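I have placed the structure first, in the form of structure tokens, so that the comments after it can refer back to it.
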2 protein chains.
Amino acid sequence: MSGGYTGKILVIDLNTRSTAVEDTYIDAAKNFIGAKGLGAKLLFDRLPKGTDPLSPENILMFTTGPLTGTRAQTSGRGTVVTKSPQTGLFLDSHFGGIFAAEMKKAGWDFIIVNGRFDNPVYISITNDSVEFKDASEIWEKECLETHNWLQKTEGRVKTAIIGPAGENLVKFSAITFDGHRHAGRGGPGAVMSSKNLKAIAISGSGKVPIHDPEKFSITARAVLKKIQDNDFIPIRRKYGTPYWVKPINDWGFIPTRNYQEGYFEQGNTINAETMRERIVDGSGACWNCVIACWNKSSIKSGSHKGVSLVGPEYETLALMGSNLGVGSVEEVAYLNERCNELGMDTISLGGVLGFAIEAYEKGVITKGDLGGIDVGWGKTEEMARLIDDIAHRRSSAGDVLAEGVRIAAEKLGKNSEEYAVHTKGLEIPGYDPRGAFGMGLAYATSDRGGCHQRAWTVRAEVMDPDLDRFSFKKKAKLVKEVQDERAAFFSLVLCDFAPISERDCVDMWNLATGFDHTVESYLLAGERIWNLIRLFNLREGLDPTEDKLPPRFFNDSFTKGPVKGIVLSKEGFQQSLKEYYYLRGWDAKGIPTEKKLKELDLAKYA
Amino acid sequence: MSGGYTGKILVIDLNTRSTAVEDTYIDAAKNFIGAKGLGAKLLFDRLPKGTDPLSPENILMFTTGPLTGTRAQTSGRGTVVTKSPQTGLFLDSHFGGIFAAEMKKAGWDFIIVNGRFDNPVYISITNDSVEFKDASEIWEKECLETHNWLQKTEGRVKTAIIGPAGENLVKFSAITFDGHRHAGRGGPGAVMSSKNLKAIAISGSGKVPIHDPEKFSITARAVLKKIQDNDFIPIRRKYGTPYWVKPINDWGFIPTRNYQEGYFEQGNTINAETMRERIVDGSGACWNCVIACWNKSSIKSGSHKGVSLVGPEYETLALMGSNLGVGSVEEVAYLNERCNELGMDTISLGGVLGFAIEAYEKGVITKGDLGGIDVGWGKTEEMARLIDDIAHRRSSAGDVLAEGVRIAAEKLGKNSEEYAVHTKGLEIPGYDPRGAFGMGLAYATSDRGGCHQRAWTVRAEVMDPDLDRFSFKKKAKLVKEVQDERAAFFSLVLCDFAPISERDCVDMWNLATGFDHTVESYLLAGERIWNLIRLFNLREGLDPTEDKLPPRFFNDSFTKGPVKGIVLSKEGFQQSLKEYYYLRGWDAKGIPTEKKLKELDLAKYA
């Protein structure tokens, strides 16, 4: 094999302060593609069963795919693969920016970090030179501050950084890339921190190899043209993800006050247009992306005047806006910026804060637990203080909440699990499944817990005439098919927002690598990846009865908006899950059958 | 000038049974493009002021555009231009199929029919040979039957036909093209009938001239590719226009029971998926269209088993489904088929029937007026009988309703104008403006009365974050800009459903004709056309205070669905109309200013 993968893996052992270069596993790229899929295979093969995610034995991988760093549009993305400290399961956390493309230019397809350094360290990589450097000066520094320090110290490097939340092993702490992009979900920051690794700085000057550069270039240009001609791109460019605040609120299923409602009265004051009018200064883009969906924002007035950030994205406007009763783009932006700089995932933190406020209202958390903070819906300053306490595990509530809502509810008791909104420990994103039942099945079966990116069924459920958004009918098939396709797509790895057809993906993959895949074998690779991760999760102790949803979605209904009065039916959900298992070729308990594993060339993993 | 227009106009004088060939006005194609725009100019120049639309002096034009019959996708369309007997104003009624492309192949850019034949006649055109033939054998025949008769008698000809409704001068009677496509709105069928003209049969064997055939072909292929790559096309192909039943109902503004509600409880049983499951046999397309949005349907069971048609389209499902309380695709299909074969516009007829049922419920129309028919919501058989009576002006109610809701309400009195839902005499289509205020302004200012195609703001209003669907804010600018752009587009003339950019339109136009237009001058031509038609309407007696909406939209609100309780504000509407006039460069009374007309080279029309 040649092209998109040279097969070079940089293995860093922090215990021995040594590095090695490997090119094993690269043949597996034909079956597992790259980034997510190939990462999953390496993790399965190398991680001892039952490893504590925050022990030195856990493996932290930065992975790229066969298209990363190439002329393919949106190919600046990479993936963090590890065992999640939040879910105890497989984690792939994707990131934009330029870091991943730079890895490829430096000659590395994967960077694997093992072990633990004795004291805070950062790693400086320039092509094949690797140095371990003292991080005591930047430990405790916030993310952007660290990024800027590295720029000053190391030159124009690309960076992966943890903030104070990661250092304090907050279970939903992020890794921040290039100052403004984040591998947010599932706690990769805590894994990096458990290795005493504050940052990686990388620069590369090589060329990303391509099997057939000339044809690849023609195809990549044709794909670029299609993206430019796509009707939806001008809107995506103009607004970015905040575009969705308006329709999701109008359709009545934006998380509101910890998922107690689905319609936020102040939806208009946190939507994309208000953002543009009040805080957006300009746009920006990840490496090699013509879409340019970033909003570069700054607060123009009030007590947080001058605060700037890239964002907020839709998920943050939902989880830290409507879900917390915050009806001002400036205040969401302020909370967002705090979260970014402390290094936490905004989706999980929004869920955690919503849970905390409801628990406080119900007397399950007291003002004493909160170190005197009187939290409440829309009370931004109090939330900002609590965010800081969570990041530093300061008050007793801060320390408990830093574990995420699942463990917090276990520790707090008093029926607080009734309003702990998560699946498998991962807090649920910005689409309440009561307004699009398919999202319920998508959350329940997602490989990393409550995630919307594995099968985003929203548009189809609301718009397509063959789907009823208030029914589980036909959702099992939809969710299964999208999961397989996305598993392949996230292994190439391209951006979720890029409208690139399966045919074009396969063409670019083949031309980059010299493979002769078909659309069918590409989608089959996606299914293979999905099944391997299921096997990994089962090995690590997943009880398939955890393929479930939080009780709120079945028990409580909204009092207003178009989804008023609607709850998920338990029977409907169970029936749909059964159908999903069947379509996956899994047994009635949700375990892949021997037959399916043989079909996917995964028999040896059974 | 060369290319897309040879400048050949076939002028048929039915009074003298003579024909003439003209090539005047073709220079005007640079300023008025073709089809709609050039047709408007010819009508303005040739029609004596104040002509009775049903007199021999009215002019019936079949017009094509510079792209008609070329390799440009969706270029099989043409336009009927005349003075409408329903509104007394300008009418452009567009049609698909293949007739228009055949006109170009026969060598004719326009066919103009003047005068009146003494007895029923049809015209047979083969290239430049024109024959007048006796139509006594087909007079009173339905549309498809007439089409089939012409196929048998004349060979494989393309056809334009009126049905019994046209013969009886029903004010919303259609002209049917090639058996299955319709120039439906505004009563062109009655104009054709007033000339004693039952049909035109045409066949052509020439080549459509193109200024730069090679470059045109390359551009047209590139546009085809973009259409094929467009995300929305597979859905449009799968469902056609019925796709919209689900979202418009879900969003709460599908006309229901004569616009008394905006949400139809049986929405699911008249949506696109139910259609596919129960009646759709396959798809079809107009000439040179890769989208292929037609649904070829047939009723599989019940008393109308075997009835087949192309349709129903969205508008018919809305106006003859939810708007009449009909919750079965079979029954809508049955009413649709009756309407097609009798030769009437389904939008207007749906509005007329909804009005009739409400008037009957309120005692304004009696069972006696209806010849004993006990009409009511959802009562399909009774409606079918009334449809037949309207087409034949049989009962006193049938005769009154054949005039459309405006005149019917005038004649019936008793406050029935309170629920006569029209603008300028043209019944309103399937988007209740209470759920998308911009559509209110679009209907009020449309050049041919209550029409949705002049500025369809629905998707933008519901989805785009800079628009609030329950406000008139920013709607004036949106409506004005879309109207200008569509006026140009409908002059080329391409299909409303084809996603073709302004840039591509202009490139194809230039390559077809040898012009050197820019996007700016193309859009300016659209604005010029819009203003010329305004001048025509003012000349024909339009009182600008008729730029208004029916009272129901201001006075009555829905009792359920997401638009519950909402009405248009009179002040908001007037303010928005004022803003619209201002943006158009019209005076406060809605009359184009001298300055604007000079700017558009229309000073001589002032």
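The values are calculated or read from the model by the stated rules, or taken from the named source; none is laboratory data. Because the structure is predicted, anything quoted here is derived from the model rather than measured. Note: ideal-geometry Cβ built from the backbone for every residue, glycine included; neighbour counts use all protein chains shown. Heavy atoms of the whole protein, side chains included, go into the accessibility calculation; ligands, DNA and RNA do not. Shrake-Rupley method; radii C 1.70, N 1.55, O 1.52, S 1.80 Å.
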| query | Can you list the trypsin sites (Lys or Arg not before Pro) in region A:126-211 that are in a DSSP coil and have 12 or fewer other beta carbons within 10 angstrom? | reply | A:Arg156, A:Lys207
| message | Need one number: convex hull volume per residue for region A:59-123, Cα atoms only, in Å³. | response | 106 Å³
| query | In the P(r) worked out for region A:231-427, what percent of Cα pairs fall beyond 24 Å? | reply | 38 percent
| Got a sec to turn the phi values of region B:130-144 into Karplus ³J(HN,Hα) couplings, 6.51 cos²θ - 1.76 cosθ + 1.60 with θ = phi - 60°, whole Hz, x for Gly and Pro? | 10, 10, 9, 10, 5, 10, 4, 6, 9, 4, 6, 6, 6, 5, 5
| request: Could you tell me which trypsin sites (Lys or Arg not before Pro) in region B:18-52 are loop residues by DSSP with no more than 16 other beta carbons within 10 angstrom of their beta carbon? | output: B:Lys49
| remark: Partner aspartates and glutamates whose C-alpha sits under 18 Å from that of A:Lys300, ignoring same-chain residues fewer than 8 away, are A:Glu273, A:Glu277, A:Asp281, A:Glu330, A:Glu331, A:Glu337, A:Glu381
| Gyration tensor (alpha-carbon) shape descriptor, the protein assembly as shown, a/c threshold 1.5 | prolate
| remark: For the axis mapping B onto A, the chain B residue whose beta carbon sits nearest, plus its rounded distance in angstrom, comes out as B:Pro562, 2
| request: For region B:384-490, run through the trypsin sites (Lys or Arg not before Pro) and keep only the ones in DSSP coil with at most 13 other Cβ atoms within 10 Å of their Cβ. | output: B:Lys414
| task | Kindly report, to the nearest 10 Å², the accessible surface of B:Ile500 as traced by a 1.4 Å probe over protein heavy atoms only. | result | 20 Å²
| remark: Given the candidates A:Ala333, A:Thr146, A:Gly76, the one whose Cα lies deepest towards the positive end of the charge dipole of the protein assembly as shown, counting +1 at each Lys or Arg C-beta and -1 at each Asp or Glu C-beta, is A:Gly76
| query | If r is the Cβ-Cβ distance from B:Arg394 to B:Lys477 and R0 is 35 Å, what FRET efficiency results, to the nearest 0.05? | reply | 0.15
| task | Label region B:8-203 by shape, choosing from rounded, prolate and oblate, from the square roots a ≥ b ≥ c of the eigenvalues of the Cα gyration tensor; if a/c is under 1.5 it is rounded, and otherwise prolate applies when a/b is larger than b/c, oblate when it is not. | result | rounded
| field | Carbon plus sulfur fraction of accessible area for the protein assembly as shown, probe 1.4 Å, in percent | value | 49 percent
| query | Taking a label point 7 Å from Cα toward Cβ, how far is B:Glu131 from its twins in the other copies, in nm, shortest first? | reply | 9.5
| request: Go through A:Pro53, B:Val121, A:His517 and say which Cα lies farthest out towards the positive end of the charge dipole of the protein assembly as shown; charges sit on Cβ, +1 for Lys and Arg, -1 for Asp and Glu. | output: A:His517
| request: Only residues of region B:275-301 count here: report those whose backbone N is under 19 Å from the spot 7 Å along Cα→Cβ of B:Arg156, or say none. | output: B:284-289
| Estimated inter-spin distance, B:Glu145 and B:Thr126, nm [label 7 Å along Cα→Cβ] | 2.8 nm
| query | What are the extents of the Cα atoms of region B:517-605 along their three principal axes, listed from largest to smallest and rounded to whole Å? | reply | 50, 32, 19
| said: Just to make sure I understand: if all protein chains stay in place, what is the order of B:Arg584, A:Arg221, B:Arg338 by accessible area at 1.4 Å, largest first? | reply: A:Arg221, B:Arg338, B:Arg584
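Looking at chain A, send over the antiparallel percent of its DSSP beta bridges, to the nearest 5.
Values: 45 of 57 bridges.
Around 80 percent antiparallel, to the nearest 5.
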| said: How far, in nm to one decimal, is B:Gly155 from itself in the other copies if the label point is set 7 angstrom along Cα toward Cβ? Shortest first, please. | reply: 8.0
| Accessible-area order (highest first, 1.4 angstrom probe) of the listed residues A:Glu337, B:Glu57 | B:Glu57, A:Glu337
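Using the Kirkwood radius over Cα pairs, work out the Stokes-Einstein diffusion coefficient for region A:1-70 at 10 °C and 1.306 mPa s, in µm²/s as a whole number.
Estimated via Stokes-Einstein, D reaches 121 µm²/s.
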| message | What does the copy distance list look like for A:Asp388, label position 7 Å along Cα→Cβ, in nm and ordered from shortest? | response | 8.2
| query | Are any of the pairs A:Lys564/B:Lys246; A:Lys225/B:Lys215; B:Lys83/B:Lys480; A:Lys424/A:Lys474; B:Lys8/B:Lys30 more than 21 Å apart by Cα-Cα distance, and if so, which? | reply | B:Lys83/B:Lys480; A:Lys424/A:Lys474
| task | Find how much the distance from B:Asn268 to B:Ile591 grows on full extension, using 0.36 nm per residue of separation minus their present alpha carbon separation; answer in nm with one decimal. | result | 111.8 nm
| For region A:231-427, what is the charge dipole size about the Cα centre, in debye to the nearest 20, if Lys and Arg each add +1 at the Cβ and Asp and Glu each add -1 at the Cβ? | 360 debye
| field | 14 Å reach of a label modelled at A:Phe470, 7 Å along Cα-to-Cβ, counting backbone N of region A:544-574 | value | A:557-569
| request: In whole angstrom, note down how far apart the Cα centers of region A:102-125 and region B:480-497 are. | output: 57 Å
| request: Place a label point 7 angstrom from the Cα of B:Glu520 along the Cα-to-Cβ direction, then list the residues of region B:571-606 whose backbone nitrogen is under 17 Å away. | output: B:599-601
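Under the rule of -39500 (n - 2.57) per DSSP H run of 4 or more residues, summed and divided by the residues of chain A, what mean residue ellipticity at 222 nm is obtained, to the nearest 500 deg cm²/dmol? Before the final figure, lay out the partial values.
Numbers: 24 runs with 236 residues, N = 606.
Per the formula, -11500 deg cm²/dmol.
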| query | Given charges of +1 on the Cβ of Lys and Arg and -1 on the Cβ of Asp and Glu, with all other atoms neutral, how large is the dipole of chain B about its Cα centre, in debye to the nearest 20? | reply | 640 debye
| field | Cα lying deepest toward the dipole's positive end in chain A, options A:Ser93, A:Gly440, A:Leu467, charges on Cβ | value | A:Leu467
| request: With a 1.4 Å probe and every protein chain left in place, tell me how much accessible area B:Leu524 has, in Å² to the nearest 10. | output: 60 Å²
| Tensor-based shape of region A:358-502 (alpha-carbon gyration tensor, a/c under 1.5 rounded, otherwise prolate or oblate) | prolate
| Cα-centred dipole magnitude for the protein assembly as shown, charges only on beta-carbon of K, R (+1) and D, E (-1), debye, nearest 20 | 620 debye
| task | Please work out how much accessible surface A:Glu571 shows to a 1.4 Å probe, ignoring ligands, DNA and RNA, in Å² rounded to 10. | result | 140 Å²
| note | Rounded to two decimals, the Rg over Rh value of chain B from Cα coordinates and the Kirkwood Rh reads 0.94
